[in-house]
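Enquirer: Supplied in structure tokens, the structure appears directly below.
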Amino acid sequence: MSEARKLWRWLPAGKGLAGAAVFVLLAGLACFLLAGCGSRATCDTGLLTVAGSTSVQPFAEKLAEIYMGSHPGEAINVQGGGSSAGIMAVSSGACQIGMSSRGLKADEKEGVRYFPIAWDGIAVVVHRDSPLRALSLEQVQAIFAGRVTNWRQLGLPFDHGIDAISREEGSGTRNAFEELVMKKLAISDGCLVQDSNGAVRELVATDPYAIGYISVGLVDARVHALVIDGVAPNTANIKSHRYRLTRPFLFLTHGEPRGRVKGFIGFVMGRAGQAVLESEGLVGAGAPTAGGPSGGGPNGGEHGTPVVD
Amino acid sequence: MSAPSAIVARPQPPPRRLLGPADAQRLAKAVLWGLTSLALAILVFIIGYIAWKGLPQITAAFLSEPVRDMGRAGGIFSTVVSTALVTAIALAIATPLGVGTAIYLTEYTREGWLVSVVRFGAECLAGVPSIILGLFGFVLFVLKLGFGWSVLSGGLTLAVMVMPTIIRTSEEAIKTVPHELREVCYSLGVPKWPTITRVVLPAALPGIVTGIVLSVGRSVGETAVVLFTAGAAVGTPHSPFDSGRTLAVHFYILAREGISMPNAYGTAFVLVAAILLINTAAYAIMYGVMRKNA
Amino acid sequence: MEASMERQWWIERALMLVALSAVGSLALITLFIFSEGLPVLAKAGLSNFLLSSHWAPTKGHFGIFAMIVSSVLATLGALAIGVPLGLACAVVLAEFATPTMRLILKPAVELLAGIPSVVYGFLGVVLLVPLIRDWLGGPGLSLLAVALILGVMILPTIISISIDALRAVPRTYREASLAVGATQWQTIWRVVLPAARSGVVTAIILAMGRAIGETMAVIMVAGNALRLPHSPLDSVRTLTSNIALELGYASGDHRAALFATGLVLFAVILVLNAAASLLRRQR
């Protein structure tokens, strides 16, 4: 029997190992291709990746769903990861569009174009049945710093500890809350921590003694948003920046947006996209702001000029 | 000759006990049966509650439509696809490697330092917590190798997770193949490798398949590993480099964020039912084999 | 004939490489966790990392003591609940149940081991947490909730392995004991259980490993506050939930600190597994 025939007889039997070897080779090849591609952004894989703040994420997902509906053939992939991760990802080219729920720091602005797509307020929420309706900023500060620990101290008729709920370190929402509300005070170690706006809302909705902070866009019928310093967190007050706990939702790109990136951003900044955002409870960025940008946004409230044709 | 009483023990009355041995047994049995019923009741309650709340959600639409509106509407089809892809990739890698390891351990070596090292490695790997695997997969596949959050990263990391299971079950299965089969082959002059692949492995196949099926069950239920490697994108993945959320991850997000309680229960039901079915299948195969060999 | 021997030799070498893949993966995991976590340990100092309870990674404070304590307490609580229940169940199923009962119940218990942890966590949040909050006080998301959920989760592990350990005790032991007039319970308590001791301890150690390493269920019911718990009703953050909570957002030193936390966890689990392996070998 020739060598080749012998090999042929044994090959099907050993195909498990051969398969593994082939797979490993393919994976290696894939690595090679990817590495050779440089940054994934320039590699036209046909997929648009949007990554960053989890506060912006649900809205970006909604926008992507609608955009893909009206533009068949476009594939948009929305990931979370946090504002900081999103900024880094877009600078390094790991994704084409970054999402951030806070302004950019000076060293993050290099080579990055930012487009405010909406303004979002941070609402301090309590359970739907709670008698509490309004607080001053100092009171909110005291609660989350752990100085006020019982509802009785705020004048409410029940004697029960306050279950204050915060976000985890690294969250853009927490960052914004610390800048706008806590200022120099640290959020207490005894605060409960959840890792997303939705989770905080869920907790506040089920615990009558809880208080937390979430994106205004996520407030629904199960929680009640408090009036802070006499200003209610509604669209008008956010637009005019009278409600001071506001922050910009930004889309970021590496350099000027081109091609499908430009198309998607154009959709988001245009009338259709803004309508979607407003219907979800945000305040559109295209809207004129009375009094201009003040200290209403974190990190100085800066935002760049939108580039839309 | 005096003081024999010091040596001879005077008959003592039996020690006073609160309960006689028969009574102690009755009490012990009562307590034990009580605790057992409690344990079983808890476990049954969990499945029953999920079924009660989740079954009404299961409609043809729920099972066949993709996730829509961030989970508020639509069904779970895209998650099923993601789960299937991730599991398939994991098995494609873990099966050859695991079975190969099992073959080596049983057929090619005597007990020695190498075997101990390999066994120790497999056992330790089995005990690594899922979050550590998630960290590992995140750093190696998502970041360093540049696959990003993708079904591929998820599958590769899951492969590492299920390999010990496949190694263990395959080893058991191969060991139970009667030695006479091998000896007949050798006496006919068949070399070792064809003996293994054409005689031993087919005989051990049910046991190996059991291991594979159990691994499928574990992959389907795994959350921490997949969340940090495959990501949580809602769409249906079209390529191994796409991100996708598996059934378990989708359930976790629905439940945590309170997006839609009915959908959460429905997803939970599908998840639990799928895993129970998969594990039942594995045990059916195993018991079928045992009955055949008995 | 020569070619065939040659081929066999190559195949054996190839299989050896494959067999080393399991160990190789373990080595890779260890390598990565170490290399990612070590820099921050060097920066913060190992004793400071382990003994300080101030965790504020974005400001440069990396102290995981509170989380170590929480993990340990949660595991001990889980064992306090899981071991009595699980052992009782194992004794009943191994000694008192009829073979038919055993045939149905043992696979049933092992099936239940397959329920994903997120389902346990979900039910904990929906059913257990409100119960604790309304009847016992506190936010409900607490050490108690974690201990209860983990206790239920480790039940199948303890039951399965203990049953195997009990069944492995030779029948002659039982028969000898009964022959000298002991009751069944006395036999179990004084003869069978001590004989099965190493197997039962293995079960407990493996259950401990599972409890310490559990992530998803714990995140959902623990509350994740950063303080040392003063009562079972206080919210806690375990090592695992710390990693999972912040990993998605972390970068630089923060991420390295999470890897360092993982390193501590990994070390503990390795020690536990090694202990379990040794015990199994001894038997």
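All of the numbers you see were taken from the coordinates with simple rules; none came from a lab. Keep in mind that this is a model prediction, so the values were computed, not measured. Note that we place each Cβ from the backbone using ideal geometry, even for glycine, and neighbour counts take in every protein chain shown.
Enquirer: Mind checking the mean number of beta-carbon atoms from other chains within 10 Å of the Cβ atoms in A:206-219?
Expert: 2
Enquirer: Under 5 Å between amide hydrogens, which residues at least 5 positions from residue A:79 or on another chain qualify, with H placed 1.01 Å from N in the peptide plane?
Expert: Those qualifying (amide H under 5 Å, at least 5 residues apart or on another chain) are A:50, A:51, A:52.
Enquirer: Any chance you could give the angle, 0 to 90 degrees and rounded to 10, that helix B:113-127 forms with the longest Cα principal axis of chain B?
Expert: Once rounded, the angle reads 70 degrees.
Enquirer: So, one more: Hull surface divided by four, with the convex hull built on the Cα atoms of the stretch B:124-213: how many nm²?
Expert: For the stretch B:124-213, the mean projected area of the Cα convex hull comes to 7.5 nm².
Enquirer: Just want the ordering: B:186, B:252, A:209, B:283, from fewest to most Cβ atoms lying within 10 Å of their own Cβ. Can you show the working numbers first?
Expert: Values: B:186 11, B:252 29, A:209 21, B:283 17.
Result, fewest neighbours first: B:186, B:283, A:209, B:252.
Enquirer: Taking residue C:43 as the anchor, which aspartates and glutamates have their alpha carbon closer than 17 Å to its alpha carbon, excluding any fewer than eight residues away along the same chain?
Expert: The qualifying aspartates and glutamates are C:253.
Enquirer: Given the rule -39500 (n - 2.57) for each run of at least 4 DSSP H residues, summed and divided by the residues of chain C, what is its mean residue ellipticity at 222 nm, to the nearest 500 deg cm²/dmol?
Expert: -24000 deg cm²/dmol
Enquirer: For the stretch B:106-148, which trypsin sites (Lys or Arg not before Pro) pass both filters: DSSP loop (anything but H, G, I, E, B) and at most 12 other C-beta atoms within 10 Å? It would help to have the intermediate numbers written out before the result.
Expert: Numbers: sites: B:110, B:119, B:144; in loops: B:110.
For trypsin sites (Lys or Arg not before Pro) across the stretch B:106-148 that sit outside H, G, I, E and B with at most 12 neighbouring Cβ atoms in 10 Å, the list reads B:110.
Enquirer: Right, another one. Can you classify the protein assembly as shown as rounded, prolate or oblate using the Cα gyration tensor, where a ≥ b ≥ c are the square roots of its eigenvalues, rounded means a/c under 1.5, and otherwise it's prolate if a/b beats b/c and oblate if not?
Expert: Details: a/c = 2.19, a/b = 1.33, b/c = 1.65.
Verdict is oblate for the protein assembly as shown.
Enquirer: Moving to a separate point now. Run lengths n ≥ 4 of DSSP H only: what is the helix-derived mean residue ellipticity at 222 nm for chain B, with -39500 (n - 2.57) per run over all residues, to the nearest 500?
Expert: -22500 deg cm²/dmol
Enquirer: Between the helical axis of B:247-257 and the dominant principal axis of chain B, each derived from Cα atoms, what acute angle in degrees is found, rounded to the nearest 10?
Expert: 90
Enquirer: Could you list, in their original order, any pairs among A:183/B:144; A:105/C:59; A:109/B:144 whose Cα atoms are separated by more than 28 Å?
Expert: A:183/B:144
Enquirer: Among the lysines, select those whose C-alpha is under 26 Å from the C-alpha of residue B:175, and discard any that sit fewer than 8 residues away in the same chain.
Expert: Qualifying lysines at Cα under 26 Å: A:15, B:192, B:292, C:106.
Enquirer: How large is ³J(HN,Hα) for each residue in the stretch C:41-48, as worked out from phi by the Karplus curve 6.51 cos²θ - 1.76 cosθ + 1.60 (θ = phi - 60°), to whole Hz, x for Gly and Pro?
Expert: Karplus values, whole Hz, x for Gly and Pro: 5, 5, 5, 8, x, 4, 5, 5.
Enquirer: Next up: Hand me the trypsin sites (Lys or Arg not before Pro) from the stretch A:132-238 located in a DSSP loop with no more than 16 other Cβ atoms within 10 Å, in residue order please.
Expert: Numbers: sites: A:133, A:147, A:152, A:167, A:174, A:183, A:184, A:201, A:222; in loops: A:133, A:147, A:183, A:184, A:222.
Of the trypsin sites (Lys or Arg not before Pro), the ones in loops of the stretch A:132-238 whose Cβ has at most 16 other Cβ atoms within 10 Å are A:133, A:147, A:183, A:184, A:222.
Enquirer: Treat the count of other C-beta atoms within 10 Å as a stand-in for reagent exposure and order B:23, C:234, B:242 from fewest to most.
Expert: B:23, C:234, B:242
Enquirer: Can you tell me which of B:31, B:213, B:44 moves the most in a GNM of chain B? Springs connect C-alpha atoms under 10 Å apart.
Expert: B:31
Enquirer: Applying the Karplus parametrisation 6.51 cos²θ - 1.76 cosθ + 1.60 with θ = phi - 60° to the phi angles of the stretch C:84-89, what ³J(HN,Hα) value in whole Hz is obtained for each residue in order, glycine and proline being reported as x?
Expert: x, 4, x, 5, 4, 4
Enquirer: On a 0 to 90° scale, report how tilted helix B:21-54 is relative to the longest principal axis of chain B, with both axes built from alpha carbons and the result rounded to the nearest 10.
Expert: Rounded to the nearest ten degrees, it is 10.
Enquirer: Taking square-rooted eigenvalues a ≥ b ≥ c of the alpha carbon gyration tensor, is chain B rounded, prolate or oblate, where a/c under 1.5 means rounded and, failing that, a/b exceeding b/c means prolate?
Expert: oblate
Enquirer: Using amide H atoms built in the peptide plane, which far-off residues or other-chain residues are under 5 Å from residue B:67 H to H?
Expert: B:75, B:77, B:78, B:79
Enquirer: With the contact rule set at Cα under 8 Å and sequence spacing of 6 or more, what percent relative contact order holds for the stretch A:99-171?
Expert: On the way: 23 pairs, mean separation 11.6, N = 73.
After rounding, I find 16 percent.
Enquirer: Right, something else. Using the Karplus curve 6.51 cos²θ - 1.76 cosθ + 1.60 with θ = phi - 60°, what ³J(HN,Hα) values do you get for each residue of the stretch B:184-199, in whole Hz, with x for Gly and Pro?
Expert: Residue by residue, the stretch B:184-199 yields 4, 4, 4, 5, 7, x, 7, x, 5, 4, x, 4, 5, 6, 9, 10 Hz.
Enquirer: Loop-only check: which chymotrypsin sites (Phe, Trp or Tyr not before Pro) in the stretch A:149-194 are DSSP coil with at most 12 other Cβ within 10 angstrom?
Expert: A:158
Enquirer: Ok, one more. Please state the shape class of the stretch C:32-182: rounded when a/c is under 1.5, otherwise prolate if a/b exceeds b/c and oblate if not, all from the C-alpha gyration tensor.
Expert: Here the stretch C:32-182 falls in the prolate category.
Enquirer: Quick one: which residues, 5 or more positions from residue C:56 or on another chain, have an amide H under 5 Å from its amide H? H modelled 1.01 Å from N in the peptide plane, none for Pro or chain starts.
Expert: For residue C:56, the qualifying residues are C:61, C:62, C:63.
Enquirer: Let me ask something else about it. Based only on other Cβ atoms within 10 Å, what is the fewest-to-most ordering of C:33, B:131?
Expert: Values: C:33 24, B:131 31.
Neighbour counts put them in this order, fewest first: C:33, B:131.
Enquirer: Within a 10 angstrom radius of each residue's Cβ in B:227-238, how many Cβ atoms of other chains show up on average? Whole number is fine. Intermediate results must be reported in sequence, preceding the final value.
Expert: Working: counts 6, 4, 0, 0, 7, 6, 10, 5, 9, 0, 1, 3.
Per residue, the average neighbour count from other chains is 4.
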